[in-house]
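Participant: Okay, handing you the structure first.
The values are calculated or read from the model by the stated rules, or taken from the named source; none is laboratory data. Keep in mind the model is a prediction, meaning the values are calculated, not measured. Virtual Cβ from ideal backbone geometry, glycine too; neighbours counted across all protein chains shown.
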Amino acid sequence: MKVTVKQGGIQFEEAPLVVVNLFEGVTEPGGATGAVDRALGGAIREIITAGDFKGKGGETALLYTRGNFPAKRVLVVGLGKAEKFDLEAVRKASATAARKAHDLGLARLATIVHGGGIGSMAVVDAAQAVVEGTILGLYRYRELKSDDENGGKPLEELTLVEFDEKKLADVREGVRVGQIVAEAACLARDLSNRPGNLATPTHLAETAQRLAQELGLRCQVLERAEFEALDMGALAGVARGTEEPPKFIILEYNADKPDLPAIVLAGKGITFDSGGISLKPSEKMDEMKHDMSGAAAVLGTMQAVARLALPLHVVALIPATENLPSGRAIKPGDVLKALSGKTIEIISTDAEGRLVLADALAYAKRFNPAAVIDVATLTGACVVALGHVATGLMGTSEKLNNRIKTAAQATGERVWELPLWDEYDELIKSEVADVKNSGGRYGGAITGAMFLKKFASDYPWAHLDIAGTADTDKAGSYTAKGATGVGVRLLTQLLRTWPQETASRG
Ligand code: BES
Ligand code: MN
Ligand code: ZN
């Protein structure tokens with residue numbers, strides 16, 4: 001999508017649709033909405049007093065300007081209650097407006113920066129949120145449909161109109177960041193939505209190589225024989241059952257700048273999780289194509305980080321394989337030896353994510369990282385605990401956890417911390433090996449993380465369980481059914497604020 005910024009009054013903007021807003025309960029619109037109302041002879045006040053428009057979040061009213069100013073249509077979007085107004089409300093209102101414009105078949109819309117006139121909200125953040133809401137709200141996974149049924153004509157251009165000249169630079173900066181971040185989230189959505197026969201480990205590796213080419217990153221892809229030779233026995237174990245070539249992907253941004261702090265992002269890349277010999281029930285098994293959403297989030301984040309030119313050394317590690325049953329597949333009772341040297345008793349071949357990540361976390365040590373964050377659709381138990389509302393956060397560093405919580409707050413990609421108390425260790429003790437890969441049903445999200453903790457070295461480490469947030473069967477205000485791209489905005493925000501935080505906190 002083309003995004004442009006213009007200085008001026010929106011009532012003078014010549015566009016097929018201009019978008020203004022209203023808080024709930026406001027009867028005398030001010031600012032740009034007031035200016036449009038006056039130009040329309042009180043049309044907005046009229047729909048308010050008639051009781052037809054209340055300004056609730058998600059509410060819209062379409063008005064025709066009838067020659068009173070250059071734009072043909074005006075869309076008023078509700079922002080909800082002023083007390084509850086935040087960046088998430090801006091994203092939602094922007095997505096609502098964009099979807100409306102798309103449904104009308106319009107090629108362009110011009111909008112004011114929702115929240116841009118409110119003192120408590122930074123204009124740069126508001127503009128970023130407008131662009132994010134617009135791009136994410138319009139996202140659909142269409143590449144495999146031959147007749148573009150719900151496609152229609154795309155909305156091609158978004159214009160942000162700002163009256164105040166002093167705010168223009170901030171609006172432009174917000175637009176730049178918002179576009180980069182939203183496009184990165186769309187990359188993650190595409191990868192995750194793409195079916196398992198197309199989004200194979202090879203496809204993930206090719207995507208990493210393409211990003212490396214386009215953005216000047218360093219990329220290395222280890223084949224089965226290569227990671228086996230490195231003694232990555234946990235990843236090799238999971239990959240035994242599949243004929244689709246597995247990969248261990250290493251993608252690095254600023255690899256040649258050793259002075260920058262290194263942050264490692266490890267993404268679970270199970271391109272299809274059948275459960276293996278511990279086979280899953282067939283109902284909804286198709287959704288397990290999304291089991292590489294952690295890898296997708298990490299790849300999307302790498303694209304954003306490179307395009308934003310952040311002053312960090314960022315390393316993506318992606319263990320990628322299918323998890324399938326076969327005559328060669330690992331079995332319950334088998335014992336694997338991981339890269340760290342620890343032995344693992346397999347209780348369930350369906351607890352495969354922690355196995356492949358165990359080797360990635362051990363591999364991460366070689367970068368001497370300032371932090372390691374893994375992202376994984378790890379446990380059904382996390383979905384039981386937090387539903388589809390929040391990502392599970394578990395980690396060894398309070399400072400890192402707090403940074404992640406702050407980034408979650410800013411992006412609306414919510415996280416909730418679960419404890420990693422020593423008592424949970426009892427549940428993954430093995431009779432025959434150093435650890436077992438399943439602690440049973442109770443506290444399942446935590447025992448999954450406790451397992452990973454044994455393979456994380458002494459670097460600050462955090463684990464994001466996105467099993468409940470990576471995909472959805474109900475469309476949200478700016479998410480379509482299917483992959484959400486969760487993690488990209490959160491991680492990018494974390495990394496974008498990393499240098500400042502380090503400086504200010506000493
Ligand atoms: N990929 C699944 C977790 C999952 C479940 C993601 C539902 C999204 C929705 C993971 O590999 C898995 O199967 N985990 C097991 C672990 C158990 C065997 C200890 C689970 O959650 O049942
Ligand atoms: Mn599984
Ligand atoms: Zn899985």
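Participant: Please note which strands (runs of 3 or more DSSP E) are completely contained in segment 175-275 and include at least 1 residues that are modelled with pLDDT of 95 or more and under 20 Å from Thr484 (Cα atoms).
Facilitator: Correct list: 262-267, 269-273.
Participant: So, restricting to strands (runs of 3 or more DSSP E) that lie completely within segment 351-448, which ones have at least 1 residues that are charged (D, E, K, R) and more than 16 Å from ligand 2 (Cβ to nearest atom)?
Facilitator: Where strands (runs of 3 or more DSSP E) fall fully within segment 351-448 and carry at least 1 residues being charged (D, E, K, R) and more than 16 Å from ligand 2 (Cβ to nearest atom), they are 415-417.
Participant: What are the pairs, 6+ residues apart or on separate chains, where a residue within segment 335-356 that is in the same structural domain as Phe248 (by TED's automatic domain parsing) has its Cβ under 9 Å from a residue that is in a strand (DSSP E or B) and among the acidic types (Asp, Glu)?
Facilitator: Close Cβ pairs satisfying both conditions: Val335/Glu345; Leu336/Glu345; Asp350/Asp273; Glu352/Asp273; Gly353/Asp273.
Participant: Can you tell me which residues in segment 314-337 are more than 22 Å from Ser274 (Cα to Cα) and surrounded by 22 or more Cβ atoms within 10 Å (Cβ to Cβ)?
Facilitator: Once the filter is applied, which keeps residues that are more than 22 Å from Ser274 (Cα to Cα) and surrounded by 22 or more Cβ atoms within 10 Å (Cβ to Cβ), segment 314-337 yields Val314, Val315, Ala316, Leu317.
Participant: Shifting gears a bit: Conditions first: (1) among the hydrophobic types (A, V, I, L, M, F, W, C); (2) in contact (Cβ under 8 Å) with a residue 60 or more places away in the chain; (3) under 29 Å from Lys268 (Cα atoms). Leu198 passes all but one, so which condition is the exception?
Facilitator: Failed condition: (2).
Participant: Being more than 16 Å from ligand 1 (Cβ to nearest atom), surrounded by fewer than 19 Cβ atoms within 10 Å (Cβ to Cβ) and not small (Gly, Ala, Ser) is the filter here; which residues of segment 338-366 pass it?
Facilitator: Lys342, Thr343, Lys365, Arg366, listed by residue number.
Participant: Any residue at all in segment 78-89 that's among the basic types (Lys, Arg), at pLDDT 95 or above and in contact with a strand residue (DSSP E or B) (Cβ under 6 Å, 6 or more places away or on another chain)?
Facilitator: Our first condition is that a residue be among the basic types (Lys, Arg); within segment 78-89, this holds for 81, 84.
Filter once more, keeping what is at pLDDT 95 or above: 81, 84.
When the remaining residues are screened for being in contact with a strand residue (DSSP E or B) (Cβ under 6 Å, 6 or more places away or on another chain), the result is none.
No, the conditions are met nowhere in segment 78-89.
Participant: I've got another one for you. Kindly evaluate Gly443 against the criterion of being within 16 Å of ligand 3 (Cβ to nearest atom) and farther than 24 Å from Val130 by Cβ.
Facilitator: On the way: within 16 Å of ligand 3 (Cβ to nearest atom): no; farther than 24 Å from Val130 by Cβ: yes.
The answer is no for Gly443.
Participant: Which members of segment 156-184 meet the condition of being over 24 Å from Ala71 (Cβ atoms) and in contact (Cβ under 8 Å) with a residue 24 or more places away in the chain? Reasoning before the result, please.
Facilitator: Applying the first criterion (over 24 Å from Ala71 (Cβ atoms)) to segment 156-184 yields 166, 169-170, 173, 176-177, 180-184.
Selection gives Asp170, Glu173, Val177, Ile180, Val181, Ala182, Glu183, Ala184.
Participant: Within segment 56-74, can you find the residues that are more than 29 Å from the chain's Cα centre (by Cα) and either among the aliphatic types (A, V, I, L, M) or part of a loop (DSSP other than H, G, I, E, B) (or both)?
Facilitator: Ala61, Leu62, Leu63, Thr65, Arg66, Gly67, Asn68, Phe69, Pro70, Ala71, Lys72, Val74
Participant: Something else: Evaluate the following for Val488: is it of a type in the set (Val, Ile, Thr), farther than 30 Å from His102 by Cα and assigned by TED's automatic domain parsing to the domain that holds Thr391? Full working, then the answer.
Facilitator: Working: of a type in the set (Val, Ile, Thr): yes; farther than 30 Å from His102 by Cα: no; assigned by TED's automatic domain parsing to the domain that holds Thr391: yes.
Answer is no for this residue.
Participant: Condition first: away from ligand 2 (no atom under 15 Å from the Cβ) and crowded, with 24+ Cβ neighbours inside 10 Å. Now tell me which residues in segment 272-313 satisfy that.
Facilitator: Ala296, Ala297, Val298, Leu299, Gly300, Thr301, Met302, Gln303, Ala304, Val305
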